[in-house]
1. Determine whether Asp111 is on the phi < 0 side of the Ramachandran plot and within 15 Å of the chain's Cα centre (by Cα).
2. Name the residue that is nearest to Val152 (Cα to Cα), counting only residues in region 115-137 that are of a type in the set (Gly, Ala, Ser) and at pLDDT below 95.
3. Return the residues of region 78-92 that are modelled with pLDDT under 70 and closer than 14 Å to Ile68 by Cα; say none if nothing qualifies.
4. Applying the selection to region 36-51, what residues are over 24 Å from Ile88 (Cβ atoms) and of a type outside the set (Val, Ile, Thr)?
Amino acid sequence: MNVTLVNELDVPLGIDTLNELAAAVMVAEGLAPDTEVAIHLVGVDRIADLNQQHLGKAGPTDVLSFPIEDLVPGAVAAASDGGPPTNIGDVVICPAVVQANAEAAGVEYVDEMALMVVHGVLHLLGYDHVDDADAEQMEGRERELLGAAGRVRP
């Protein structure tokens, strides 16, 4: 798995396993070994701009996902068959919002950040939480993947 971490911040994040966690999600979902994803760590202003531009929502959020492929939850993306690797998209996370959410919920920052990585990658893979059934499926998969990584779903 090819995970690119783009850190636009000049502050230490307190978690160094984001790449490994994203790769573990992709392996668990059965993606081809050359599959690519990028995780961007951005500030509050940048994620607020993206949230407004792409979702029409004002203000910052914790995580946004920008899928390239139109995937279905649980379905394996086609392998590249010798061509270029499959890029499933980008996950954009705002650590400041994640930190605030963790504090408000009384959970560990590293667990909340791990959830954002898993949540974001699952969105790229077609998972969603628009209705109750979809939310139940996505949250169940998050619990499974986080548990396999030694984390809890806050």
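1. So Asp111 passes the test.
2. Within region 115-137, the subset of a type in the set (Gly, Ala, Ser) is 120, 126, 133, 135.
From the residues that got through so far, the ones that are at pLDDT below 95 too are 126, 133, 135.
Details: Gly126: 22, Ala133: 21, Ala135: 17 Å.
It comes out as Ala135.
3. Matches in region 78-92: Ala78 only.
4. Hits for region 36-51 are Gly43, Asp45, Ala48.
The values are calculated or read from the model by the stated rules, or taken from the named source; none is laboratory data. Model, not experiment: these values are computed from the prediction. So basically every Cβ, Gly included, is an ideal-geometry build from the backbone, and we count neighbours across all protein chains shown.
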